[in-house]
Amino acid sequence: MITYDYTGIEKLIERIKSNTGYDFSQYKEKPFKRRVRVILRKYKLISVKDLIQHLDKNKDEYQSLIKTITINVTEFFRNIEVFNQFNALLKTNLKEGYKYKVLSAGCATGEEPYSIAFLFEKLKEKYYIKYKIDAIDIDRDALNKAIKGEYPLEELYSIPEDLREYVKINETSITIKNSIKTNLEFRLENLYEDNYSFGTMYDFIFCRNVFIYFSRDLQIKILNNFYSILNAGGYLILGKVETLSQNFKNKFEMIDLRNRIYRKL
Ligand SMILES: C[S@@+](CC[C@H](N)C(=O)[O-])C[C@H]1O[C@@H](n2cnc3c(N)ncnc32)[C@H](O)[C@@H]1O
């Protein structure tokens with residue numbers, strides 16, 4: 001088994017920051033090291049010191065490095081139960097004539113916000129409602145894919161049958177219909193910067209499978225921001241293995257522990 005040497009990891013973080021502007025200093029140590037290990041393996045190196053030397057000579061490789069660190073694995077209706085609960089929440093408090101606002105934070109290649117959009121579209125067939133979904137991510141390539149809205153044909157099978165009408169099925173791919181795309185806005189934003197905002201208050205914030213990377217302090221900072229941009233009674237939906245910090249006990253009530261759904265008090 002190879003033993004990797006992480007000495008100088010702080011220096012690597014500084015280098016990444018000065019070359020790309022991305023600051024990983026507050027990422028959790030263990031997941032960050034796991035990602036660095038993937039990078040070391042990729043370059044067939046065994047120490048962070050060697051990696052820094054390699055990057056000093058190949059500065060254009062920083063962008064692909066960021067991608068490896070912020071891994072954007074996702075799928076349509078990932079953990080479908082969460083989407084079923086979201087749909088149920090919408091239906092129980094349905095407000096005719098209302099425009100729902102949703103933030104998908106850490107949207108990766110777009111499958112999450114489009115899944116949300118499909119559910120709204122289905123409801124729109126029965127009720128007079130509108131919706132707007134803002135979707136943000138730190139990864140430019142992932143966002144470009146999201147904006148394009150084209151996915152391999154296999155992804156069709158993750159979409160429930162009654163919602164497949166919202167995609168166009170091509171020979172080897174599927175594309176999101178334009179009528180749906182107009183309800184979404186994708187933007188390159190960094191969740192831990194103070195000033196990201198669409199100037200909107202939200203009814204739902206999805207931030208799933210993003211917090212796993214962040215230190216407690218960073219999570220608290222981001223959660224405070226979410227709190228300030230959520231309408232009273234609005235919902236925050238985290239990933240399956242993510243929990244709300246104790247500091248937020250008085251600010252959110254737990255609605256569904258299994259699906260990590262919280263309501264702003
Ligand atoms: C594992 S994906 C989750 C995608 C989707 N939310 C889901 O659950 O299927 C995590 C995403 O978070 C993004 N991300 C990581 N750090 C971020 C940050 N500081 N600001 C915005 N997005 C970030 C990554 O680029 C990646 O696309």
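The values are calculated or read from the model by the stated rules, or taken from the named source; none is laboratory data. If you're wondering where the values come from, they're calculated on a predicted model, not measured in any experiment. Note that each Cβ is placed from the backbone with ideal geometry, even for glycine, and that neighbours are counted across all protein chains shown.
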Checklist entry - When the residues of region 1-32 are filtered to those that are exposed (fewer than 15 other Cβ atoms within 10 Å of the Cβ) and of a type in the set (Lys, Arg), which remaining residue is farthest from Asp217 (Cα to Cα)? => result Lys11
Checklist entry - If a residue has to be in a loop (DSSP other than H, G, I, E, B) and crowded, with 20+ Cβ neighbours inside 10 Å to count, how many in region 196-228 make the cut? => result 3
Checklist entry - Out of region 213-260, which residues are within 22 Å of Glu81 (Cβ to Cβ) and modelled with pLDDT under 90? => result Lys240, Val241, Glu242, Thr243, Leu244
Checklist outcome for this item: For region 199-234, the count of residues that are in contact (Cβ under 8 Å) with a residue 24 or more places away in the chain and either under 20 Å from Lys28 (Cα atoms) or within 14 Å of the chain's Cα centre (by Cα) (or both) equals 22
Checklist entry - Taking region 178-190, which residues are in contact (Cβ under 8 Å) with a residue 24 or more places away in the chain, in a loop (DSSP other than H, G, I, E, B) and either surrounded by fewer than 14 Cβ atoms within 10 Å (Cβ to Cβ) or more than 8 Å from the ligand (Cβ to nearest atom) (or both)? => result Asn183
Next on the checklist: Given the criteria more than 19 Å from the chain's Cα centre (by Cα) and either surrounded by 13 or more Cβ atoms within 10 Å (Cβ to Cβ) or not assigned by TED's automatic domain parsing to the domain that holds Lys99 (or both), does Ser173 qualify?
Outcome noted: yes
Checklist entry - When you go through (1) surrounded by fewer than 19 Cβ atoms within 10 Å (Cβ to Cβ); (2) not assigned by TED's automatic domain parsing to the domain that holds Leu191 one by one for Lys91, which number turns out not to apply? => result (2)
Next on the checklist: Residues to consider are Glu193, Glu171; find the one that is farther than 19 Å from Ile147 by Cα, in a loop (DSSP other than H, G, I, E, B) and more than 10 Å from the ligand (Cβ to nearest atom).
Outcome noted: Glu171
